[in-house]
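First the structure, in the form of structure tokens, and then the observations on it.
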Amino acid sequence: MTDLRGTYRLQLGTDLDFAAARELVPYFKDLGVSHLYLSPSFQARPGSTHGYDVVDPGRISEELGGEEGFRALAEAGLGVILDIVPNHMAAADENRYWADPELRDRFFDIDHETGRWRRFFDIDHLAAVRQEDPEVFAETHRLALRLVREGLVDGLRIDHPDGLADPAGYLRRLRDAGVERVWVEKILDPGEPLRDWPVEGTVGYEFLNDVAALFVDPTGEDALTRLAPGTFDPTLSKHEQVVTTFAPEVERLRRLCDAPDLERALSSLPVYRTYVPPVEEADREALSGNPLSSLLLEGEAPREFVTRFQQTTPAVMAKGVEDTAFYRYVRLLALNEVGGDPTRFGIPVERFHAGCLERARRFPRGLLITQTHDTKRSGDVRARTGALAGMAEEWASLAMSWRALVPEEGAPAWNEAYLILQTLVGAWPLELERLEAYVEKALREAKLNTNWVEPDEKYERNVRDWCRALYSNRAFLDELEPFAERLAREGERSALGQTLLKLTAPGVPDVYQGDELWALSLVDPDNRRPVDWERRREALAELRAGAEPTRETIKMFLIHRALDLRARRPAPFAGGYEPVAAGERCCAFLRDSSVLAATAVRSSTEGVELELPAAVAGRWRDVLTGAELDLRGRVPLERIAFRDWPVALLERLDQ
């Protein structure tokens, strides 16, 4: 089993199969990662672009290269972490478990009274699997477990464990079967702890939201709130989903137990789900004030009702909040992220440190991310939009001047226009075709003036025409482009700082495909566009040959140097985490008293000083420049920062 140093997430599909990935392995090794982190690789529906619609969990995807191609990739010199999908399979004729009526009844969660089946969220063609049945588990995990036993796979990423009847029992079964490394796609509410499951940790959304919020300047809150007035009301949007999209699930629950206020109970849960039984304090806290609290906690409801209620709330949260409310409440798009809370306008350094200390204590090998295939925007776009908080008055003035371009009645509404304007400055330069595709999805997700079920094509066309008019409005572009460039500079400083923290905080850093250079991606499918691998290989070769990092390559340079440090000195990254006092504008910490990482979290570094503990005073080496420094006492960040970039990474020499 390969030692964990860093992972590289690959979205396999039409333009990237096992053979193509294998050709890239020398590049990934040179970059410094230890593992490929592969999207689902079992046989999916014909034409699948993502692999989450599995039709045969006992066979490697033929389209990607079959087991021979997978084996060749796994033996090419990097470890493999494999994403698997236990919660559901495709309801398709190609799936023998579905096509055979007897197997369908055994393997899938069928409502025999209606003939309907439990779905993955609201997707009818993805049917939920009965993993609580040991025979179903054994059959659907036969291949995954064999790949682990043979050493071809070092660990598993578990997609949507919250959909399972018994997530904890499922994870114990995996551990009992010999899978030592498991990461769960568990979406935690800010401050919600991960349960004591036999896992390495989550896939990292709580880190993503904390590190993004750390760089949001709270002094900008009032100005941005005036731009987008209104309140964030996730309960309302969840209730809308409960009484429409999830009406079949509600009806099935009501047949099990005709509980009063069922719809309100489903829509008012503040977290994705509870895990009863057993009843833990976190369950009591989540259900505090819920109209069905005693019914769910005290054993008054049928066991099946409790189980299905808990399987339903994650879908309600995902569709009601991530895929609805986040497209309505647009005060600062950087905060509208999977597992995020848009009302949490930034966090203090102490809160970030507390999260890191908790991970170091409980799940020191959890994944650390700034982007995934499911995020609403790339880490770099998120960093840019987050930087608007530090330029709030200037941005507010500019945005209000553009409000004259928005019709008082008709399309788009101001809220929609403001989402578009943030997207433009966050991802500029942005091709019109990509903006149009994003805006269509955003409008339909918001479900205010159009939606997926009954699209208002006239309204969407009017918004599309408005977007096109912006691109041909020279006066608008003359204002947009210089501001977007200044914002890009601030966003890059923020993104580089977030990358440094991801590479050095407790956990295992992950790089999403292509993200080692600046990546200005929007929501899926925009984030699955082909990656320019040749440019990345060229850039890395230049850096490894001694070329100075440029604005284009600075993030790759930092990733390469930090991963090299983790390879040379793994012990500090498996050891302690000690916050270093540096004021409110800087985040700094020591790893096992041997590695020092620091980054500014505001635009100005003037007067920022680190207070190094006396125990670590002495000789240090700058990992980014190679220079040796004598550091003790109060150390100005500008003394140790890398050129004009407000980041520092040093290793202690006199140990």
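The values are calculated or read from the model by the stated rules, or taken from the named source; none is laboratory data. Keep in mind that this is a model prediction, so the values were computed, not measured. Reconstructed Cβ throughout: ideal geometry from the backbone, glycine too, with neighbour counts over all protein chains shown. Side chains included, ligands, DNA and RNA excluded: accessible areas come from the protein's heavy atoms. Shrake-Rupley method; radii C 1.70, N 1.55, O 1.52, S 1.80 Å.
Would you mind working out the accessible area per residue for the chain, using a 1.4 Å probe, and quoting it in Å²?
Counting only protein heavy atoms, the per-residue value for the chain is 38 Å².
Restricting to Cα pairs below 8 Å that are 6+ residues apart, what does the relative contact order work out to for the chain? Please round to a whole percent.
Relative contact order comes out at 12 percent.
Just tell me, in residue order, which DSSP H segments of the chain are both 27 angstrom or longer along the helix axis (alpha-carbon based) and at least -1.0 in mean Kyte-Doolittle hydropathy.
Counting only whole DSSP H runs, the qualifying helices are 474-504.
Taking loop as defined by DSSP and a crowding limit of 15 other beta carbons within 10 Å, which chymotrypsin sites (Phe, Trp or Tyr not before Pro) in segment 377-454 fit?
Answer by residue number: TRP452.
Take the alpha carbon atoms of segment 339-389, find their radius of gyration, then divide it by 2.2 N^0.38 Å using N residues; give the quotient.
Relative to the rule-of-thumb radius for its length, segment 339-389 sits at 1.31.
Assign one of three labels to segment 448-557, namely rounded, prolate or oblate, based on the Cα gyration tensor with a ≥ b ≥ c the square roots of its eigenvalues; rounded applies when a/c is under 1.5, prolate when it is not and a/b is larger than b/c, and oblate otherwise.
Because a/c hits 1.5 or more and a/b exceeds b/c, segment 448-557 counts as prolate.
Would you grab the residues whose amide H sits under 5 Å from the one on ASP53? Only those 5+ places off in sequence or on another chain, please, with H modelled 1.01 Å from N.
Here the answer is ARG45, since their amide H atoms fall under 5 Å of that of ASP53.
If you take every DSSP beta bridge fully contained in the chain, what fraction is antiparallel? Give it as a percent rounded to 5.
In the chain, DSSP labels about 65 percent of beta bridges as antiparallel.
Here is the link list: LYS238/LYS376; LYS29/LYS555; LYS319/LYS441; LYS502/LYS555; LYS186/LYS447. Which ones come out longer than 24 Å on Cα distance?
In this structure, LYS186/LYS447 exceed 24 Å between Cα atoms.
Taking the alpha-carbon centroid of each part, what is the distance from segment 410-446 to segment 605-624 in angstrom?
For segment 410-446 versus segment 605-624, the Cα centre distance is 43 Å.
Report the relative contact order of segment 357-492, percent, no decimals, based on alpha-carbon pairs under 8 angstrom and at least 6 residues apart.
Reported relative contact order: 30 percent.
Based on DSSP H runs of at least 4 residues, each adding -39500 (n - 2.57), what is the mean residue ellipticity at 222 nm of the chain after dividing by all its residues, to the nearest 500 deg cm²/dmol?
About -12500 deg cm²/dmol.
Would you mind classifying segment 439-505 by shape? Square roots of the alpha carbon gyration tensor eigenvalues, ordered a ≥ b ≥ c; an a/c under 1.5 is rounded, otherwise it is prolate if a/b is larger than b/c and oblate if not.
oblate
Under 5 Å between amide hydrogens, which residues at least 5 positions from ASP111 or on another chain qualify, with H placed 1.01 Å from N in the peptide plane?
Excluding prolines and chain starts, which carry no amide H, the hits are ARG116, TRP117, ARG118.
Could you tell me what a quarter of the Cα convex hull surface of the chain works out to, in nm² with one decimal place?
28.3 nm²
With θ set to phi - 60° and the Karplus curve 6.51 cos²θ - 1.76 cosθ + 1.60, what are the ³J(HN,Hα) couplings of segment 32-42 in order, to the nearest whole Hz, using x for Gly and Pro?
x, 6, 9, 9, 8, 10, 8, 5, x, 10, 7
Using the Kirkwood formula on the Cα atoms of segment 179-231, what hydrodynamic radius do you get, in angstrom to one decimal?
For segment 179-231, inverting the mean 1/r across all distinct Cα pairs yields 13.7 Å.
Express in whole angstrom the spacing between the alpha-carbon centres of segment 238-313 and segment 464-516.
For segment 238-313 versus segment 464-516, the Cα centre distance is 40 Å.
Sort segment 464-622 into rounded, prolate or oblate with this rule: let a ≥ b ≥ c be the square roots of the eigenvalues of the Cα gyration tensor; rounded if a/c is under 1.5, and if a/c is not under 1.5, prolate when a/b is larger than b/c, oblate otherwise.
Judged from the Cα gyration tensor, segment 464-622 comes out prolate (a/c at least 1.5, a/b above b/c).
Let me know the charge dipole size of the chain about its Cα centre in debye, to the nearest 20, where only the beta-carbon of Lys, Arg (+1) and Asp, Glu (-1) is charged.
Value, rounded to 20: 1360 debye.
Taking K and R as +1 and D and E as -1, what net charge do the other residues with C-beta under 11 Å from the C-beta of GLN43 add up to?
Computed value for this residue: -3.
How about segment 144-192: which GluC sites (Glu not before Pro) there lie in a loop by DSSP and see at most 13 other Cβ atoms within 10 Å?
Listed in order of number, the matching sites are GLU150, GLU180.
Kindly provide log₁₀ I(q)/I(0) values, in the same order as q = 0.15, 0.22, 0.24 Å⁻¹, from the Debye equation applied to equal alpha-carbon scatterers of segment 588-655.
Each listed q maps to, in turn, -0.41, -0.90, -1.08.
Convex hull over the alpha-carbon atoms of segment 398-460: what's its volume per residue in Å³?
87 Å³
Using the Cα centre of the chain as origin and beta-carbon charges of +1 (Lys, Arg) and -1 (Asp, Glu), tell me which of LEU610, ALA19, VAL279 is placed farthest towards the positive end of the dipole.
Of the listed residues, the answer is LEU610.
How large is ³J(HN,Hα), in whole Hz, for each residue of segment 578-586 in order, when computed from phi with the Karplus curve 6.51 cos²θ - 1.76 cosθ + 1.60 and θ = phi - 60°, using x for Gly and Pro?
Each residue of segment 578-586 in turn: 10, x, 10, 4, 8, x, 7, 9, 8 Hz.
Please report the relative contact order for segment 537-655, taking Cα pairs under 8 Å with a sequence separation of at least 6, and give it as a percent rounded to a whole number.
Reported relative contact order: 21 percent.
Which residues' amide hydrogens lie under 5 Å from the amide hydrogen of PHE42, considering only partners 5 or more residues apart or on another chain, with H built in the peptide plane?
Placed amide hydrogens put SER61 under 5 Å from PHE42.
Choose one of GLY79, ASN451, ALA404: the residue whose Cα lies farthest towards the positive end of the charge dipole of the chain (beta-carbon charges +1 Lys, Arg; -1 Asp, Glu; about the Cα centre).
Projecting each Cα onto the dipole axis, the largest value belongs to GLY79.
Using 5 Å bins from zero, what percent of all Cα-Cα pairs in segment 260-402 falls into each bin?
Result returned by the calculation: 2, 8, 13, 15, 16, 15, 13, 9, 5, 3, 1, 0.
Taking just the alpha carbons, could you work out the radius of gyration and Dmax for segment 481-533, both in angstroms?
So, for segment 481-533, Rg and Dmax equal 13.1, 38 Å respectively.
How big is segment 143-278 on each of its three principal axes, counting only the C-alpha atoms and giving the largest first in Å?
Projected onto the principal axes, the Cα atoms of segment 143-278 cover 58, 48, 25 Å.
Return the Cα extents of segment 213-337 along principal axes one, two and three, sorted largest first, each rounded to a whole Å.
Largest to smallest, the principal-axis extents are 50, 32, 19 Å.
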